[in-house]
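The structure under discussion appears below in the form of structure tokens.
No lab work stands behind these numbers, since they all come straight from the coordinates. Only a predicted model underlies this, so the values are computations on that prediction, with no experimental measurement involved. Cβ coordinates were reconstructed from backbone atoms using ideal geometry, including for glycine residues, and neighbour counts include every protein chain displayed.
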Amino acid sequence: MSTNPTLETLLAHRSIRRFTPEKLTSAEVQTLITAAQHAATSTFSQQASVISVTDPAKLAVLGDISGHHWLERAGHYFVFVADQYRNAQLAPANATTTANLHSLDKLLAGIFDATIMTEAVVTAGESLGLGSTIMGSILNDVPRVIDLLDLPELTFPVLGLAIGHPAEQPEHKPRLPQELVHFTNGYQRITPDDPTLVAYNALITRYYQQRTTNQREETFSHHIAAELSRDPQQRAGILTGLRQQGWLRPTDA
Ligand SMILES: Cc1cc2nc3c(=O)[nH]c(=O)nc-3n(C[C@H](O)[C@H](O)[C@H](O)COP(=O)(O)O)c2cc1C
């Protein structure tokens with residue numbers, strides 16, 4: 001496989017959850033946001049925004065919501081927001097165009113943009129020696145995040161990102177073999193006893209047994225089963241929050 005500094009950065013990725021006390025400088029934050037803004041954006045609509053959360057009281061609330069109080073010790077915290085509010089203000093006063101902003105299509109476009117920006121910041125940060133963890137767990141209580149960050153109509157909090165100077169170097173988590181994720185000309189179905197999956201399960205069992213922290217006895221299949229047994233009601237606030245923000249109105253179907 002060929003390599004270069006960009007590929008080396010991408011392949012060295014691991015999520016970082018422990019940070020040194022050093023905060024990011026405003027120049028570093030500006031660099032990360034510049035990288036985020038240069039990511040591709042659906043229909044060139046630039047329908048995402050980023051909120052830097054610096055208020056310790058707000059960070060503590062995000063710690064409560066996500067269950068990750070360690071985010072308060074990160075060098076910086078971002079929340080990436082799907083944002084059609086700004087374009088609603090920019091659009092000409094025309095009922096049809098603004099109504100479209102409430103659609104599932106425009107919601108997805110905002111989520112795509114916010115997600116792509118998040119990964120751009122992760123990678124830009126890693127290229128600068130920073131480490132980070134993306135946090136979907138801010139979705140544990142969407143209405144509270146909306147209130148906390150004073151998010152207007154047609155916005156939605158997509159992901160949090162704790163970023164800073166790493167104080168740990170976790171082992172790389174082995175990914176699925178390529179034949180299980182990359183297909184040609186159509187989907188390739190598997191069964192639970194697929195030998196490639198069985199071998200990957202064994203690899204993940206060894207990874208969990210041998211890693212330096214939080215060792216456990218678990219295959220990838222067990223891990224997925226545990227994820228799926230979480231109570232779906234735990235995140236019922238996602239739909240409440242979407243509706244609260246003006247998305248998915250019955251008239252937009
Ligand atoms: C959309 C998304 C949401 C995530 N949410 C969380 C989270 O809430 N808490 C957390 O500790 N890690 C979270 N992660 C990080 C994953 O747990 C991590 O990427 C995965 O375990 C693979 O480990 P690695 O990033 O070290 O390779 C999230 C990652 C993604 C892409």
*So what's the back-of-envelope 222 nm ellipticity for the chain, counting only DSSP H runs of four-plus at -39500 (n - 2.57) apiece and dividing by all residues, rounded to 500?*
-13000 deg cm²/dmol
_Could you order the peptides 160-167, 54-61 from most to least packed, using the average number of other C-beta atoms within 10 Å per residue?_
160-167, 54-61
*asked:* What is the ratio of the Cα radius of gyration of the chain to 2.2 N^0.38 Å, with N the residue count, to two decimals?
replied: 1.11
*Would you work out the charge dipole size for the chain about its Cα centre, treating the Cβ of every Lys and Arg as +1 and the Cβ of every Asp and Glu as -1, and quote it to the nearest 20 debye?*
100
_Sequence-separation-based contact order of segment 178-225, relative, with Cα cut under 8 Å and 6+ spacing, percent_ = 26
*What is the distance in Å between the Cα centres of segment 157-184 and segment 77-136?*
21
*Using a/c under 1.5 as the rounded threshold, could you call segment 32-155 rounded, prolate or oblate? The axes a ≥ b ≥ c are square roots of the C-alpha gyration tensor eigenvalues, and prolate needs a/b larger than b/c, oblate otherwise.*
oblate
*Distant-in-sequence amide H partners of residue 158 (H built 1.01 Å from N, under 5 Å)*: 80, 81, 82
*Relative to the present Cα-Cα distance, how much length would full extension add between residue 244 and residue 96 at 0.36 nm per residue of separation?*
51.2 nm
_Projecting each Cα onto the charge dipole of segment 178-225 (Lys/Arg +1, Asp/Glu -1 at the beta carbon, about the Cα centre), which of 191, 221, 210 comes out farthest on the positive side?_
210
*Considering amide H positions built from the backbone, and no H for Pro or chain starts, which residues 5 or more places from residue 48, or on another chain, come under 5 Å of its amide H?*
83
*Nearest 20 debye, what's the magnitude of the dipole of segment 1-93 about its Cα centre given +1 on Lys and Arg Cβ and -1 on Asp and Glu Cβ?*
120
_Long-range HN-HN contacts of residue 246 with modeled amide H, under 5 Å_ = 154
_Run the reach check for residue 58 against aspartates and glutamates, Cα to Cα strictly under 13 Å, same-chain hits fewer than 8 apart removed. What comes back?_
72, 147, 150
*May I ask you to derive the FRET efficiency for residue 210 and residue 43 from their Cβ-Cβ distance with R0 = 41 Å, giving the value to the nearest 0.05?*
0.30
_Apply the a/c threshold of 1.5 to the C-alpha gyration tensor of segment 178-225 and tell me whether it is rounded, prolate or oblate._
prolate
